[in-house]
Amino acid sequence: MAAFKISGYTILVGAGGGIGTELGASFAEAGSRGVLFGDINYDAAVKAAEGSKSVAIAKDYKAVAVKVDVTNAKSVQEMVDLAVKEFGRIDYVVNAAGVDGRKNVPFDQADVADFDRVFDINAKSILYVTQSVAKVMKAQESAKVDLGRHGVKDLGRGSIVNISSILGISALPNKVAYITSKHAVGGLTRACAVDYKSLGIRCNQVCPSWVDTPMSHEEYNRIPHLRGLIEQLPAAGRLIAPYEVASACLYLCTPAAYYINGSTLTLDSCVLVGPAVPAVE
Ligand SMILES: NC(=O)c1ccc[n+]([C@@H]2O[C@H](COP(=O)([O-])OP(=O)(O)OC[C@H]3O[C@@H](n4cnc5c(N)ncnc54)[C@H](O)[C@@H]3O)[C@@H](O)[C@H]2O)c1
């Protein structure tokens, strides 16, 4: 059962990935009437779209899969056009496409071509997606919601959530490409929030630490002692489950988050707060 309720239509970018697949199920389960699953891996997008149908609660729920390359503005525009054709409007967008650098290497050995590849997929893609969806959101009516004793509220024209990383607000050694791209997601999020706030389009970012998807498993291979470090994390002592990231994104799209705009929601079980020290008796 979803922790939050929404209605309206969704575009998920990177929808075939570990987090993207869970986002699809979570948005469907929370009441989204239609979800467009965009990924460069079309088969994975189809699988995620099919999987979402069994948990969707909207009677007329529609799941559509499309191949998109987020580094290509034309491909992104075609994805957004398809969403408009299928749904008529776009209420929520989650940017979850992403890659890591091919290798963890010291700063002075960073490969420029790989830096560009990571930046284009993780950061520049968000410019393309946001520009395309904002044109649609600008032109659509604000959504309204009946909050019972709080009355009928205007929800604005849309909510965009960007998945950054704790490496978007901190750094680890040997990951300059990934770290730079994720810091740029913060800039894109804040610029989007201030430029579109008068139009009722909100934009926020979530910054998870290590999530239980193939991306983290690959990092375990590169940094063998990482697993032990994560198991010692102050609160959780484990990887984040993909549904926990999806729930944070979902929350930012609910009426409860209407006042949250240009913000960063960190999911890191105190990693950035600091090391745990024994309690003083
Ligand atoms: N897994 C983690 O530990 C972790 C932690 C913090 C942040 N994140 C971020 O969360 C997001 C999702 O990560 P994940 O763990 O689900 O990884 P994943 O590899 O499972 O999913 C990423 C998806 O992006 C898609 N993609 C890659 N290049 C693309 C392109 N050019 N066009 C369209 N789609 C493309 C892939 O096909 C894949 O389905 C990424 O932005 C990642 O940086 C992940």
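The values are calculated or read from the model by the stated rules, or taken from the named source; none is laboratory data. Note that the structure is a prediction, hence the values are computed from the model and not measured. Don't worry about glycine lacking a Cβ; one is built from the backbone with ideal geometry, like all the others, and counts go over all protein chains shown. Ligands, DNA and RNA are excluded from the accessible area calculation, which covers all protein heavy atoms including side chains. Shrake-Rupley method; radii C 1.70, N 1.55, O 1.52, S 1.80 Å.
Treating r as the C-beta distance of S75 and Q109 and R0 as 30 Å, the FRET efficiency rounds to 0.40. Computed with a 1.4 Å probe on the full set of protein chains, the accessible area for D60 sits at about 100 Å². Where in the range 128-151 does the label zone of D60 land, with the point 7 angstrom along Cα→C-beta and an amide N cut-off under 13 Å? Backbone N within reach: none found. With the alpha-carbon atoms of the range 9-266 aligned to their principal axes, the span from lowest to highest coordinate is 53, 40, 36 Å, starting with the largest.
3J(HN,Hα) couplings calculated from phi for the range 212-225 with the Karplus curve 6.51 cos²θ - 1.76 cosθ + 1.60 (θ = phi - 60°) are, in sequence order, 6, 9, x, 4, 6, 5, 4, 5, 4, 5, 7, 10, x, 7 Hz; Gly and Pro show x. Axis of helix 42-53 versus longest Cα principal axis of the chain: the two differ by about 60°, to the nearest ten degrees. Bridgeable aspartates and glutamates around K5 (alpha carbons under 13 Å apart, same-chain partners fewer than 8 residues away excluded): E29, D146.
Only one residue of G228, V129, Y9 has its Cα farthest out toward the positive end of the dipole of the chain, where Lys and Arg carry +1 and Asp and Glu -1 on Cβ, and that residue is Y9.
Using a 1.4 Å probe, what is the accessible area per residue for the range 9-266, in Å²? Please report the intermediate quantities before stating the final value.
On the way: 11780 Å² over 258 residues.
Here the per-residue accessible area is 46 Å².
Need the list of lysines near K74 for cross-linking: C-alpha distance under 21 angstrom, and skip anything on the same chain fewer than eight residues off. Here the lysines satisfying the reach criterion relative to K74 are K85, K124, K135, K138.
The angle separating the long axis of helix 18-30 from the principal Cα axis of greatest extent in the chain is about 30 degrees. Cross-link reach is defined here as a Cα-Cα straight distance under 12 Å, omitting same-chain residues fewer than 8 places apart; for K67 the aspartates and glutamates meeting it are D39, D43, E78.
Under unit Cβ charges (Lys, Arg +1; Asp, Glu -1), what dipole magnitude, rounded to 20 debye, does the range 5-113 have relative to its Cα centre?
That gives the range 5-113 a dipole magnitude of about 360 debye.
Here each label is just a point 7 Å from Cα along the line to Cβ, and for R149 and Q131 those points are 4.8 nm apart. Taken about its Cα centre, the chain carries a charge dipole of roughly 780 debye when the Cβ of each Lys and Arg holds +1 and the Cβ of each Asp and Glu holds -1. For helix 176-196, report the angle its Cα long axis makes with the longest principal axis of the Cα atoms of the chain; keep it between 0 and 90° and round to the nearest 10°. The helix 176-196 is inclined about 30 degrees to the chain.
For the peptides 219-231, 118-130, the ranking by mean Cβ contacts within 10 Å, running from highest to lowest, is 118-130, 219-231. Note: relative contact order over the range 9-266, using C-alpha pairs below 8 Å and six or more positions apart, is 18 percent. Centre-to-centre, using Cα atoms only, the range 191-205 and the range 69-132 are separated by 19 Å. Relative to one another, the C-alpha centroids of the range 207-257 and the range 145-187 are positioned 15 Å apart.
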